[in-house]
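One structure is given here, and the rest of the page talks about it.
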Amino acid sequence: MKKFRPQPGFVVKAYRFALDPNAAQERALHSHCGAARAAYNWAVAWIEASWWQRKAESTYGIAQEQLTEWRPWSLPALRKAFNAVKHTDPRFANWWAENSKEAYNTGLANAAAAFDNYARSRQGRRRGRAMGIPRFKSKRKARLSCRFTTGTIRVDADGRHVTLPRLGTLRTHEPTVKLLARVQAGTARILSATVRHERGRWFVSFQVEVKQDLARVTRPEAAVGIDLGVKTLAVMADSTGEIRGLANPGHYDRARKQLRRACRVVSRRQGPDRRTGQGPSKRWEKANAARNRVH
């Protein structure tokens with residue numbers, strides 16, 4: 001997928017809000033994210049099938065030019081192939097129409113990006129660690145996520161609801177006035193929305209093109225040197241001789257205290273025991289979930 005380039009004078013920002021969906025909406029969210037995972041797994045299987053077929057044919061002595069053609073993994077090619085089989089494939093035929101097309105497009109786009117990264121890594125054109133062949137996503141371990149790029153995507157005028165394709169109007173756990181004010185003023189334009197499940201809660205993130213506010217520099221002739229540290233987060237000294245320090249907020253130390261407290265609570269509950277086959281109590285599961293949220 002091509003990266004979006006903002007217009008001159010605009011920047012792309014993200015606005016994230018927690019959601020409070022009802023039971024029906026939560027089922028729909030799970031269904032959309034499951035559809036994205038199913039489309040991703042279908043794309044991986046469809047592409048790799050031609051790889052294994054070519055490998056098997058080469059062992060039979062078939063000439064190189066007569067081997068099965070490589071299947072393309074570009075997003076348009078995956079869309080065309082998926083649309084051709086979604087009505088007849090037993091994995092999708094009975095339920096694909098229940099979800100937005102954006103759910104399946106999310107999985108296909110992720111598969112295309114995964115194969116692009118793998119190919120660029122094999123060719124030495126990608127920085128970082130070597131990328132392996134894309135693998136199937138597990139239903140139990142896969143992160144629940146779905147991205148919407150077309151359809152009705154908006155922040156409602158009441159400042160407490162958002163509207164997404166096929167999901168309808170969902171209530172937000174927090175006000176959306178920061179984004180709503182910019183949209184109503186005409187200084188922001190929503191490009192896409194991504195719903196994701198993290199730490200037991202649903203979130204929606206809006207990718208927004210925002211007009212850049214240029215701040216005037218109070219002392220353009222001064223130069224500042226910054227020294228980063230641990231005990232003191234930063235020490236700033238400018239060309240006029242003024243020295244200022246910025247104290248470390250200590251987020252990590254506070255989080256460690258919270259984690260120690262959560263671990264003590266878990267240790268006082270009846271947890272699982274593999275030797276005896278004992279299962280965890282409800283209180284242990286609740287305390288363990290709270291500890292995982294701190295992590």
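Each value in this text was obtained by applying a stated rule to the coordinates, not by laboratory testing. Everything numeric here is computed off the predicted structure, so don't read it as measured data. Cβ coordinates were reconstructed from backbone atoms using ideal geometry, including for glycine residues, and neighbour counts include every protein chain displayed.
Can you tell which of ALA255, TRP96, PHE17 lies farthest toward the positive end of the dipole of the chain, using +1 and -1 charges on the Cβ of basic and acidic side chains (Lys, Arg; Asp, Glu)?
ALA255
Say we join alpha carbon atoms closer than 10 Å with springs in a Gaussian network model of the chain; which of THR152, THR176, THR88 then has the biggest fluctuation?
Result for the chain, Cα springs under 10 Å: THR88 fluctuates most.
Of all beta bridges DSSP finds with both residues in the chain, what is the antiparallel percent, to the nearest 5?
Beta bridges within the chain, antiparallel portion: roughly 100 percent.
As a test of the formula, what do you get for the chain when each DSSP H run with n ≥ 4 contributes -39,500 (n - 2.57) and the sum is divided by the residue count, at 222 nm and rounded to the nearest 500 deg cm²/dmol?
The helix-only estimate for the chain comes to -12500 deg cm²/dmol at 222 nm.
Determine the relative contact order of the chain: mean sequence separation of Cα pairs under 8 Å and six or more apart, normalised by residue count, in whole percent.
19 percent.
Bins of 5 Å, beginning at zero and ending with the bin holding the largest distance: percent of Cα pairs per bin for segment 251-294, please.
For segment 251-294, the pair-distance distribution reads 5, 25, 24, 19, 14, 7, 4, 1.
Of the residues ASN110, ASN41, ASN94, which exhibits the maximal mean-square fluctuation in a Gaussian network model of the chain defined by a 10 Å Cα contact cut-off?
Looking only at ASN110, ASN41, ASN94, the largest GNM fluctuation is found for ASN94.
Once you have the Kirkwood Rh of segment 32-122 from its Cα pairs, apply Stokes-Einstein at 25 °C and 0.890 mPa s and quote D in µm²/s.
174
Based on alpha-carbon positions alone, could you give the equivalent ellipsoid semi-axes of the chain from the gyration tensor, as √(5λ), descending, whole Å?
Three semi-axes, in Å: 40, 30, 26.
When the chain is treated as a GNM, springs tying every alpha-carbon pair under 10 Å, which of TRP46, TRP70, TRP202 comes out with the largest mean-square fluctuation?
Sorting by GNM fluctuation, first place goes to TRP70.
Which value in Å is the Kirkwood Rh of segment 215-295 over different Cα pairs?
Mean inverse Cα-Cα distance, inverted, gives 16.8 Å.
Mind checking which lysines have their C-alpha under 23 Å from LYS101, skipping anything on the same chain fewer than 8 residues away?
Hits, sequence-local ones excluded: LYS2, LYS3, LYS80, LYS86, LYS137, LYS139.
Given an 8 Å cut-off on Cα distances and at least 6 residues of separation, report the relative contact order of segment 32-122 as a percent.
Relative contact order comes out at 49 percent.
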